[in-house]
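A quick write-up on the structure given underneath.
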Amino acid sequence: MTEPIDPTTTLLGLRASIDNIDAALTYMLAERFRCTKQVGELKALHGMPASDPSREERQIARLKSLALDADLDPEFAEKWFNFVVAEVIRHHTAAADGAAS
């Protein structure tokens, strides 16, 4: 007969995995912002607009499709993307303002 699994041990293991995933997401998000900072500087240097609505629409469609494949709520994926893009646009606008000064 097998021994019952201790729920506390299982919980600790799951939380450790969640903590590792959170760390990976944080580093990936930081890398994403390093790239988007360069995009913002390039756009500011060349007088390009801070946002690109047609690209954002394509990205939303792509991410919603990926979310479905990953068994993630596509509406959540869109909300996450919109949150991140709003911050990116804020950075791009600040870069453009700095370039104009």
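The values are calculated or read from the model by the stated rules, or taken from the named source; none is laboratory data. Remember, it's a predicted structure, so these values are computed and weren't measured experimentally. No Cβ is skipped: glycine too gets one built from the backbone with ideal geometry, and neighbour counts run over all protein chains shown.
Remarks
- Candidates Ala24, Ala30, filtered to the one that is at pLDDT 95 or above, within 14 Å of the chain's Cα centre (by Cα), under 26 Å from Asp97 (Cα atoms) and small (Gly, Ala, Ser): Ala30
- Enumeration of residues in the range 9-68 that are under 23 Å from Ala94 (Cβ atoms) and among the hydrophobic types (A, V, I, L, M, F, W, C): Met28, Leu29, Ala30, Phe33, Cys35, Val39, Leu42, Ala44, Leu45, Met48, Ala50
- The set of residues in the range 65-101 being touching a Phe, Trp or Tyr at 6+ places or on another chain (Cβ under 9 Å) and not aliphatic (A, V, I, L, M) consists of Glu87, His91.
- Residue within the range 32-52 that is out of contact with any Phe, Trp or Tyr (no Cβ under 7 Å at 6 or more places or on another chain) and of a type in the set (Val, Ile, Thr) present: yes
- The criterion of at least 3 residues that are touching a residue at least 40 places away in the same chain (Cβ under 8 Å) and surrounded by 10 or more Cβ atoms within 10 Å (Cβ to Cβ) is met, among helices (runs of 4 or more DSSP H) falling completely within the chain, by 7-45, 74-100.
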